[in-house]
Structure formats: C-alpha cells, structure tokens
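Worksheet: one structure, shown below.
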Amino acid sequence: MTETGLLLFPWDLEREGIDPVMRFAADSGIRTLYLASSYHAGRFLHPHGPQPLVYTPEDGVVYFHPRHERYGLMKPRVAAMARDVDWLEALGSRVDRYGLRLAAWAVCLHNTRLGRLHPDAVVRNAFDDPYWYALCPSHPAVQHYLELLIADHARYPLAAIIIEAFRYMDAVHGEHHERWSVPLPNLERALLGLSFAPTDLLEASHSGIDGPRVRQIVREHLTLFFSAYPELPTGMPLSVQEFEDRQPELRAYRECLVKILDSLLARVAAGVKQTDIELIGQGLQEFNITCAPNHPSLDVLILSGLPASGRPPGKKVYEVLRLGFGEIASPGQMRDKVGSAARQNVDGILFYNYGETPATVLRWLGPVLRGV
C-alpha cells in the first residue's frame, strides 16, 4: 500500500490543537491528512479530547476561505470557526514540518442550508416532494457552484480531494430526525430517491425520454405499494432490474441521470486538471444514482477491496476502515482488517475518523501500521 490516510474535521484541530494532531498522525505512520473542507449538519460524539463531548457543527458550510466574488447565485458560507482561520491554509503551511501530505474531503451535493435557500435547485421525487438536503446535479446554479467550489481547492497544496456526496442523494439519511414508519424494500427506496426535478425532466426531454411518463410509472408503483402495505399484491417487481425490464423507459431515464453526473464531474475536474491533485470518488453506491465508476476524471475509487473483475483500468483503489462505531474491538482485529486490505492489493487505506474514534483505539494505530 502506498497510502495511509486519516480523515478528520476542523473542529478536531480547534479542540485539540493543530500541532498535537499532526504529530500524532506522523508518529502513527499516517501519510496524508484528509481534512473536511465542506460539510453538512450532524451531531458528533467525541470520546477523546477536551469538551464538548457532543458537538453539533453548522449546516452546509466551508472551512476554508473561498473567493466569493467568483460565485453566482449560490455561494458558500464560511463557518464561524473558520472566519479567522483558513483550516486548509493552516494545515498546508505545516505538512512539510511533519512529513505529511494534505488532502481535502469535500461534501458536494448534500447541503440543506443551500437547499432551503434555493428551493428550485433541489431533488424532487415522483410526487414533487422536495428533498431539501439534496442539491440537484442538473440545476445550472448547482453546477456552477460545484465547479467553483472544487476549483477553489486548487489554490492549496493538496495531494487529493475526496468528492463526497457527488450523486443524486438517497431518500434515506439526509434530513435531521428522519422517520420511516414503513420499512422500505430496496426497490421502493431506490424509486423514492429518484429525482424528477424540472431540470432533470428537461435534460431527459433533450435525450428523447418522456420524463413525465416515467414519473407517472414510478408514482403509480409507489402509490400501490404504500396503499397495500403490508399485504403487497403478487406480481409486483422486486428489484430495480426487474422493474426496468418491464419498463425500459425507467432504465433510459436512470441512465440519463448518470450522464448528467458524468458531465458535471468532467466540468468539476477541469478546475484541478492543471494541478497534481488527485480526484477521489466513492464509486457506485446502493440506492443512489452515481457517476460511472470508470469515469476518466477520477484517479482513485473508494471501494471495499478490489472488485471481482479486478482493478479498474487506470484507477487506484482505496479502502475505508472505520475505527469507531464499535467496529474495532482489539489491536488484533485492527491488524487483521489492515492486513486483509493489504492482501487484496488495494493502494491505500483511509482511516475514518480521528475525532469519533476512542482514544484506546487510536493508540493501536501506530503499532499496527508499523507492523504491516
């Protein structure tokens, strides 16, 4: 493996200090720090370090100083904790001192703050319900915003940028305090997340696809599902594949959304193509419409090991190992997981993440990496 990365948040640095965190990373055998540069709302439990134990960041803000004069209708908001400190600059000025590299971890289309400010620029389901947390990739203002946001990162001494949430967002895991009184099977979850925003329908029409017809097909299926649940009629399709086989228009529509994302990624990547910055994508994700994994603009894919088909041509593959969340219970278990990734010949491991990991587990990291 050529890469060992540690994901972290700016508030980790504010709470514990930049130099102590960077010293820990260097001493532990970490090569690259992946700093969240643009992030959504949340509530985080930090089991180590100073108070607060539970931290709630601002929603949909950035932690560096963008060039606001270049943006149009949709503009980034600088987090209060970043007004006096550009966190990408602060780390970038210190990485050589610790023998580290710096990368950014940018959340792209998951932004409730911007969604609420621009209701015409969010994903809308087959019933025209808005998903405020999900910016719509086909909307011109969203496209312009993302192009400039990623291009702004190129001003910093970055080795890479993870572009997270670069997709049509899932219907689940987006809003605060979500409630799903009916358990959603895979098909219905995917259909409920399918976007029929006006700009999506316009793009579909340009490709000769009857988007309103597809929307009606999806709406009728979901209406039948919810009205009959839990006694579902026999003969209903049970997977997206089966539904697409019955309704080829649905497949064409979904493929159109993929092309929208592919085109947007090419435009976003143009902002960093004159640099040595690598673009890291999350690959295919269940329940989401995502870019094609072989997109030429992506240098690295985050996958769970190498796929059965082998290494994607021209791509590096990184695996993410969650250190917290009850997934690592002993040094031996961490060693086994790291060793398994190494045996699969992935190019790197990204450890997720510093702030939410118990102190005991963090202490295991250095000895495990030195033993690989």
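The values are calculated or read from the model by the stated rules, or taken from the named source; none is laboratory data. Not measured: the values here are computed from a predicted model. So basically every Cβ, Gly included, is an ideal-geometry build from the backbone, and we count neighbours across all protein chains shown. Ligands, DNA and RNA are stripped out before the accessible areas are found, and what is left, the full protein with its side chains, is counted by its heavy atoms. Shrake-Rupley method; radii C 1.70, N 1.55, O 1.52, S 1.80 Å.
Quick rundown of the values:
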quantity	calculated
Extension gain (nm, one decimal) between Glu249 and Thr275, 0.36 nm per residue minus Cα-Cα	5.3 nm
FRET E, pair Gln241, Glu220, Förster distance 22 Å, beta-carbon r, rounded to 0.05	0.70
Length added when fully stretched, Ser263-Thr2, from 0.36 nm per residue minus Cα-Cα	90.9 nm
Expected-Rg normalisation [2.2 N^0.38 Å, Cα atoms] applied to segment 257-334	1.31
Order of exposure, largest accessible area first, which applies to Leu88, Leu117, Leu369 with probe 1.4 Å	Leu117, Leu369, Leu88
Distance cut-off 14 Å, percentage of C-alpha pairs in segment 226-273 lying past it	67 percent
Trypsin sites (Lys or Arg not before Pro), loop per DSSP, at most 13 other Cβ atoms within 10 Å - longest free stretch of the chain	274-372
J(HN,Hα) series, segment 101-110, from Karplus relation 6.51 cos²θ - 1.76 cosθ + 1.60, nearest Hz, glycine and proline x	10, 10, 10, 10, 10, 10, 7, 9, 9, 9
Listed residues Ala308, Gly324, Ile277: farthest to the positive end of the dipole of segment 223-337 (Cβ charges)	Ile277
Exceeding the 23 Å Cα-Cα cut-off - candidates Lys75/Lys315; Lys273/Lys337; Lys259/Lys315; Lys75/Lys316	Lys75/Lys315; Lys273/Lys337; Lys75/Lys316
For Leu323, residues with placed amide H under 5 Å, excluding near neighbours	Tyr352, Asn353
Unit Cα scatterers, Debye sum, segment 29-88: log10 I(q)/I(0) for q = 0.21 Å⁻¹	-0.97
Rounded FRET efficiency, nearest 0.05, which uses the C-beta distance separating Trp180 from Asp96 and R0 of 45 Å	0.40
Karplus 3J(HN,Hα) series, Hz, for segment 62-79 with 6.51 cos²θ - 1.76 cosθ + 1.60 (x for Gly, Pro)	10, 10, 9, 10, x, 8, 4, 5, 8, 7, x, 4, 9, 10, x, 10, 7, 4
Between helix 359-370 and the chain: long-axis angle, C-alpha atoms, 0 to 90°, nearest 10	80 degrees
